[in-house]
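What follows is a set of notes on a single structure, which appears directly below.
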Amino acid sequence: MKAKPCSDSLAIKTTHVQPPDTNFHNTLFGGKLLAHIDDLAAIAAIKHCRNPVVTASIDSVDFLTPVRAGDAILIEAFVTWTRNTSMEVFVRVITENLVTEEKKVCNTAFLTFVAIDENGKPTPVPPVYPETDYEKSLHESAPERAEQRDSRRKKSKNFAKEIGADYIWDRR
């Protein structure tokens, strides 16, 4: 497969934060933001591999500053690194006060997607290569994040096996 630049997968979305999207403190629900992040990251992954994808993990989701009703959020996502069938996608969210023009990075996240074929089975993805210093930095640090994900996933699987699938009240 021919390698593609990170920029080929770039996806951008801007949305206005409305009162129904906010909590008691008039700030954006974290879950609402996660939905936007997952949606746009999936678009970036699909643009890279041109196949359907499934979310394998969401990690390093850092809420850095509140997003208030009336603000806009600009979300950028692109593929930073690939393995055989999986892709790491970096997402950056910027909040903007539309009245004062103040902008802040309010969230960053890394997500992993797996490309699937018409039978729902993992399928190979093209390699990705960075072009800018920003992309190179993310690309070079990706293997370390992948190792951390692999370790965390093993621990999660072991923990799930340990606690089992019985309802808590069935254990009394």
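Every read-out reported here was derived from the displayed coordinates using simple, explicitly stated rules and does not represent laboratory data. The model shown is predicted, which means the values in this text are computed figures rather than measured ones. Here the Cβ positions follow ideal geometry from the backbone for every residue, glycine too, while neighbour counts run over all protein chains shown.
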Principal axis dimensions, largest first and in whole angstrom, of the range 22-153 by Cα: 45, 34, 28
Taking 7 Å along the Cα-to-C-beta vector as the label spot, tell me the Ala165-Arg83 distance in nanometres, rounded to one decimal. 2.4
Could you work out the longest stretch of the chain that avoids the chymotrypsin sites (Phe, Trp or Tyr not before Pro) located in DSSP loops with at most 14 other Cβ atoms within 10 Å? 30-166
Taking Glu131, Glu88 and counting other beta carbon atoms within 10 angstrom, the fewest-first order is Glu131, Glu88
Quick check on the exposure proxy: order Thr15, Thr100 from fewest to most C-beta atoms within 10 angstrom. Thr100, Thr15
Using Cβ contacts closer than 10 Å as the measure, can you line up Thr132, Thr55, Thr82 from fewest to most? Thr132, Thr55, Thr82
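Between Lys155 and Glu76, what is the FRET efficiency for a Förster distance of 35 Å, r being their Cβ-Cβ separation, to the nearest 0.05?
It comes to 0.70.
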